[in-house]
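The values are calculated or read from the model by the stated rules, or taken from the named source; none is laboratory data. What you see is a predicted model, and the numbers here were worked out from it, not measured in a lab. In this analysis, Cβ positions are derived from the backbone assuming ideal geometry, glycine residues included, and neighbour counts consider all displayed protein chains. We work out accessible area using only protein heavy atoms, side chains counted, and drop any ligands, DNA or RNA first. Shrake-Rupley method; radii C 1.70, N 1.55, O 1.52, S 1.80 Å.
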Amino acid sequence: MTTPDMQSSTYSPDVVQSETLLHIGQIRRLLPRIDYQDTFSAPLPEGFDMPLHALAHAMFAHPPKLLFRLMQLRDMLVAPLGLKTAKGTGVPKPGAEVSEPAIGDRIGIFKLVHMEDDLLLFKESDSHLDFVIALERKKGETGTSVPAGTDAISLSTCVRFNNATGRAYFFVVRPFHKWIVPMCMRDGLQRLK
C-alpha cells in the first residue's frame, strides 16, 4: 500500500478534547499507574476507509514542520540530561511506502506495542516517565463529542511519572502537548482526505 495523496485539502476536522474512555485492561498491562491522561477526538471524513496504521503514519511519521523544529529544540535541551531523543528513529519521507507495521515497529518516533483493526497502542519508557498512546477508530455515541453514527478517531495519552524529573518535565511540556496533539491529528487527517 502506498501513502495516499499528501496534499492538503479543504477538509478541516474539528479536533476537541473529550472524555477519556480507554481499553483500561490493555492500558493497565502496559502502564499499571496513570498520573496523567487526556483524549482528543475528531470525526473522520465521510467514506474514510483507510487502515488505522495509514492514519498513524500520516500523524506521527510526517509531523508538521513546526513540530519537527520543536522536537529538534527539545532534543537539544534534554540530551545533556540523559533523556531519550527522537534522533535516529528512521522517519520515512512523504510519499514513501506505508506497509502494515508489526509489533515493535516504529511509526514516527513511537513504538507499536499492540495492534487491532480499530486500536493501535504505542509505548515509550525513559528514566523520567513512561507513556502510552492509544489511537482508536470508533463510532460516535450519544452524549459524546462525536455525533451518533459518525466514524471518529481518538488519540489518548497516558503518562506515568517515574520521579521528580518526570513531573517537572511534563509540567513544562504539557501546554505544548495540548496544542501539538490536535495539530498532528488535523494535519494527518487533512493529508489523508
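Miscellaneous remarks
- Among residues of the range 133-156 that are under 30 Å from residue 109 (Cβ atoms), those with a beta-carbon under 7 Å from a residue that is assigned to a loop (DSSP other than H, G, I, E, B) and modelled with pLDDT of 85 or more at least six positions away or on a different chain give the pairs 136/118; 137/118; 138/118; 151/44; 152/44; 153/44.
- Subset of the range 24-49 [assigned to a loop (DSSP other than H, G, I, E, B), at pLDDT 85 or above and open to solvent by 10 Å² or more (accessible area, probe 1.4 Å)]: 32, 33, 34, 35, 44
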